[in-house]
Amino acid sequence: MDAQGKIVWLVDGAYLFNAQRSVGYDYAFDYAKLRSWLEQDGEIRTAYFLNATPNPPLDSQDKFHLWLKSAKPQGPHMRVLLYQLKEQRAKCPECGLEFTRSVQKGVDVGLATLIVKLAHRNQYDTLLLSSGDGDLKDAIDYVCGTLGKNVNLCVFRDSVSTDLQSYADRIYWINEFAEEVRRIMPSGTA
């Protein structure tokens, strides 16, 4: 067994998607390459991808989620947990115009539940978390402080809560190795 023991990777799909855009990347990374890169420090026992999708999901989303489930080396071999997008009414504070936007619901609760449930079942010694949400702090505090688990982050700089950073035993800054995990588009595709 490697120094990190059993590793479980939990991914907030919307976080990784939005964070890569917010730091100026005009391309996507490849989850299979990212998993392989992370496994240089020890095999990931189980990986979970959590996200919210419209009902019904788009065909391209269905294909992506099926690929995420594919075993290595064809895919990243992840368990996919999907939640529904909810419509939220909002009002522009400047012009007063009302509009509706879609927001994810349930992903953060799903992540927090998995963090604690899998720790209690002793499914991991090291949690590898790809989320920037400080709302997960209490769950992280519990598994670190009470259950003695290690927490590593796989995140983008400038889009992760300092609360999460303060608990991290190690942080993999995707910005530093983004080119190595870049998704290569087949020729003839946009």
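Rule-based calculations on the coordinates, nothing more; no lab input. Everything numeric in this text was worked out from a predicted model, so none of it was measured. Every residue, glycine among them, receives a Cβ derived from its backbone with ideal geometry; neighbour counts consider all protein chains shown.
Some notes on this structure:
- When Rg and Dmax are taken over the Cα atoms of region 24-72, they come to 13.0, 38 Å.
- Two-site label geometry, residue 141 and residue 63: point separation in nm, points 7 Å out along Cα→Cβ: 4.5 nm
- In the chain, helical runs assigned H by DSSP with n ≥ 4 each contribute -39500 (n - 2.57); averaged across all residues and rounded to the nearest 500, the mean residue ellipticity at 222 nm is -9000 deg cm²/dmol.
- Between 88, 61, 20, the residue with the greatest mean-square fluctuation in the GNM of the chain (Cα pairs under 10 Å linked by springs) is 88.
- Distance histogram for region 125-171 (every C-alpha pair counted, 10 angstrom bins, percent rounded to whole numbers): 31, 60, 9
- Axial C-alpha extent at least 18 Å, average Kyte-Doolittle at least 0.5 - helices from the chain (DSSP): 107-120
- q = 0.18, 0.23 Å⁻¹, region 75-177: log10 I(q)/I(0) [Debye, one scatterer per Cα]: -0.94, -1.24
- Spin-label model, residue 18 to residue 157: label points 7 Å out along the Cα-to-beta-carbon direction sit 2.2 nm apart.
- Charged neighbours of residue 72, selected by a Cβ distance under 12 Å, balance to +1 (K, R count +1; D, E count -1).
- Summarising the label geometry, the points placed 7 Å from Cα in the beta-carbon direction at residue 100 and residue 178 lie 3.5 nm from one another.
- Among the GluC sites (Glu not before Pro) in region 54-139, those placed in a DSSP loop whose Cβ has at most 15 other Cβ atoms within 10 Å are 94.
- Surrounding net charge for residue 150, when Lys and Arg each add one and Asp and Glu each subtract one, Cβ distance under 9 Å: 0
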